[in-house]
Amino acid sequence: MKNFFLTVFCLALVGTSLYAQKLPKSVKDAKKAFNAKDFAGALDLINAGLKDDATANMAEAWSVKGDVYTAMMSEDFNNITLAAAKGESAAVKYPTAGKDAFDAYEKALGVSTGEKDKGQKAAMAGLVNLTTKADQIGSALYSSSNFEGAFNSFDLVFKAKDLLDSKGNKSTTLDAASAQGLKYNAILSAINAKKPTMAKGYMEQLVNEGFNKPLPYTQLFDLTIKEDEAAAFAILDKGKKACEGDVASFLFSEINYHLQKGEYEKLEGKLQSAIKAEPDNVSLYFALGTVYDKFYQESYQAGDKAKGDEHFEKAKKYYNEALIRKEDFSDAMFNMGAMYFNKAAYMNDEIAKYDSDMTSAGLRKYEELRGKQKGFMNEAKPYFVKTLAMDGNHIGAAGALKSIAANNNDAAELKKYTDLYNKLTGK
């Protein structure tokens, strides 16, 4: 994760020192517990005090509650950091502490009597401290793979900053580059948490700001494409201009889209362009192999064997290119075998024409075609055997080898692969 984390918050008002004021006993006792680091006790006391209407209308009471939660969040940060230094992980004891702190400070500002209210000043100072703590724990949580917690922490920085700005606070500064970096980290966190929609707002902001990295554009494309194709492709076009020189990322978004739609004609050129951009990306060679494989099957089914054979050779070329780069690529190996196996299957209709032809010419043609079919199956066989060597649970390879053994009248292999197929399929 790139080091975009904030270092620009001015901490002039950071202190959590507790201030002298005539307060109800519950609030004073909560302060004492807080200073003694008895956070649970402090919360019990302040929550009990806030049940009183007069206390609940005191900004200072709510700011004390916010300070307690901020301190709890700081304790989590320290524990996570110490554990990480030892190569260990630490559980988050107070997962909602940041939000609870923000809610308390927001309440303090809501009941404040004005700028001279000590409680308002304390809440503003608390929010400044909260922005820094939220940023810190966000990066710590991300490093410990607590991605949803990291997103919530980064998100909290902006919420606290917005609240401060709404009150005319000038004690925090966040320049455009730092703000974009923090939004980017929030997006990364949401994606890794497998909840990208949480960060959709930040994606939209970075896209509108012309951010110079592809991720916000490609992720927003994925979130938009089902609702509005024109808008989604407009997002990609904007990204291509903002991230000039980074072609591959945008190509992959388009490739995935066309794959899902089954638009193989549009894929051919885009995949070839992607291979030029990333010549060592094995997935691209495999994907282009599947495109030509699809063309080969469609041509054969349409009766155009010449065109089909042309596509067959191209598919074979790109599957081989994938296997050169990844020798244990079982899907590429299986697809190679399947292409030969399908060639044999496509002969069934032609062979059937001579099933009842008992003339010498008919018998010769039948034997010729059956021999050719058997040859295709035998060419397919080594690929399926290698597929099983790579992936012993490959049902497709086991089923194909069972069919080849039956076609060859090989009783031993038929039993072997039938037993394996039945085992894998639970029959």
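Values in this text are rule-based calculations from the coordinates and carry no lab data. No experiment lies behind these values; they were computed from the predicted model shown. Every residue, glycine as well, gets a Cβ built from its backbone with ideal geometry; the counts of neighbours run over all protein chains shown.
Dipole magnitude for the stretch 262-327: computed about the Cα centre from +1 point charges on Lys and Arg Cβ and -1 point charges on Asp and Glu Cβ, it is near 80 debye. Summarised as an ellipsoid, the chain has semi-axes of 67, 25, 16 Å, derived from the eigenvalues of the Cα gyration tensor scaled by 5 and square-rooted, with the largest first.
Compared with the dominant principal axis of the Cα atoms in the chain, helix 59-85 is inclined by about 50°. Computed about its Cα centre, the charge dipole of the chain is approximately 820 debye, with only Lys, Arg, Asp and Glu carrying charge at their Cβ.
Counting only DSSP H runs of at least 4 residues, each contributing -39500 (n - 2.57), and dividing by the residue count of the chain, the helix-based mean residue ellipticity at 222 nm comes to -24000 deg cm²/dmol.
Going by neighbour counts of Cβ atoms within 10 Å, the residues Ser139, Ser299 line up, fewest first, as Ser299, Ser139. Here Lys86 is the anchor, and the aspartates and glutamates within straight C-alpha reach of less than 20 Å, apart from those fewer than 8 places off in the same chain, are Glu75, Asp76. Full extension of the chain between Glu368 and Ala85 yields a length gain of 94.7 nm, computed as 0.36 nm times the residue separation minus the alpha carbon distance.
Residue order for Val27, Val282, Val157, fewest other beta carbons within 10 angstrom first, comes to Val282, Val27, Val157. From the cross-link list Lys307/Lys353; Lys65/Lys161; Lys241/Lys316, which pairs have alpha carbons spaced over 31 Å apart? Over 31 Å apart, Cα to Cα: Lys241/Lys316.
Under the criterion of Cα pairs below 8 Å and six or more residues apart, the relative contact order for the chain equals 9 percent.
Neighbour counts of C-beta atoms inside 10 Å place Ser145, Ser356, Ser63 in the sequence Ser356, Ser145, Ser63, starting with the fewest.
In loop segments of the stretch 209-305 as defined by DSSP, the trypsin sites (Lys or Arg not before Pro) with at most 14 further C-beta atoms inside 10 Å of their C-beta are Lys226.
Straight Cα distances below 14 angstrom link Lys270 to the aspartates and glutamates Glu254, Glu278, with same-chain residues fewer than 8 positions distant left out. If you take the square roots of the eigenvalues of the alpha-carbon gyration tensor of the stretch 318-427 and sort them as a ≥ b ≥ c, do you get rounded (a/c under 1.5), prolate (a/b over b/c) or oblate? Oblate. In the chain, taking the dipole from charged Cβ atoms about the Cα centre, the farthest positive-side position among Leu424, Ala90, Phe312 is held by Ala90. The listed peptides 180-190, 201-211, ordered by packing as a protection proxy, come out as 180-190, 201-211 (highest mean of other Cβ atoms within 10 Å first). Taking the empirical scaling 2.2 N^0.38 Å for compact globular proteins as reference, the stretch 46-93 has a Cα radius of gyration ratio of 1.65.
For the chain, the longest principal axis of the alpha carbon atoms and the long axis of helix 147-166 meet at an angle near 40°. Placing +1 on each Lys and Arg Cβ and -1 on each Asp and Glu Cβ, with no other charges, gives the stretch 304-427 a dipole about its Cα centre of roughly 140 debye.
Between the Cα long axis of helix 25-35 and the first principal axis of the chain there is an angle of about 60°, rounded to the nearest 10. The stretch between Asn320 and Asn35 holds 95.7 nm of extra length on full extension. This uses 0.36 nm per residue minus the Cα-Cα distance.
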